[in-house]
Amino acid sequence: MVEQYSIRLKPYPRGFHLVTGEILSQISELPKAGILHLFIQHTSAGLSINENADPSVRVDFEQIFNRLVPENEPYYTHVFEGSDDMPAHVKSTLAGSSVSIPITNHRLNLGTWQGIYLCEFRNHGGSRKIVATVYH
């Protein structure tokens, strides 16, 4: 059996944000066993699974991504949507647009310190849409 949900996340500022609870609040009860697949429908934001305990990890991620893919590079040609747009597309490719998480005993089977991140790469990205597919 397969169920699918359209999830809309509230707008977040640029950065890495834990959204595990916000996503789960928009999904009915998880099955005893299965897979949750999440896909973000945007090209300037991504999804990731990482550290959910120490917020400094999210700050470090932002610093690292900004050094890897800086803004205002003279070789960018896609500049119509602002100085953060082209770097956001590259960062989205690096982070990825989907994650899959096992479901065990009606719960996400994440590691002790793991959570789902929204990786928001735009300064003002707005609300983000995610397709959640639950495989029983």
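The values are calculated or read from the model by the stated rules, or taken from the named source; none is laboratory data. Model, not experiment: these values are computed from the prediction. Please note: Cβ atoms are built from the backbone with ideal geometry, for glycine as well, and neighbour counts cover all protein chains shown. The area values use the complete protein model at the heavy-atom level, side chains included, leaving out ligands, DNA and RNA. Shrake-Rupley method; radii C 1.70, N 1.55, O 1.52, S 1.80 Å.
Out of the residues in segment 94-117 meeting the condition of being more than 21 Å from Ser28 (Cβ to Cβ) and touching a residue at least 40 places away in the same chain (Cβ under 8 Å), tell me which one is farthest from the chain's Cα centre (by Cα). Break it down stepwise before answering.
Here is the first cut: in segment 94-117, the ones more than 21 Å from Ser28 (Cβ to Cβ) are 94-97, 111-114, 117.
Next, from what is left, pick out any that are touching a residue at least 40 places away in the same chain (Cβ under 8 Å): 94-97, 113-114, 117.
Numbers: Leu94: 12, Ala95: 8, Gly96: 8, Ser97: 7, Trp113: 17, Gln114: 13, Tyr117: 5 Å.
That would be Trp113.
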Problem set entry | The one condition in (1) modelled with pLDDT of 95 or more; (2) over 20 Å from Lys10 (Cβ atoms); (3) in contact with a strand residue (DSSP E or B) (Cβ under 9 Å, 6 or more places away or on another chain) that Glu71 fails to fulfil | (3)
Exercise. Any chance segment 125-135 includes a residue that's open to solvent by 20 Å² or more (accessible area, probe 1.4 Å), in contact with a Gly (Cβ under 7 Å, 6 or more places away or on another chain) and assigned to a strand (DSSP E or B)?
Worked result: yes
Exercise. If you scan segment 1-14, which residues turn out to be outside any strand (DSSP E or B) and open to solvent by 60 Å² or more (accessible area, probe 1.4 Å)?
Worked result: Met1, Lys10, Pro11
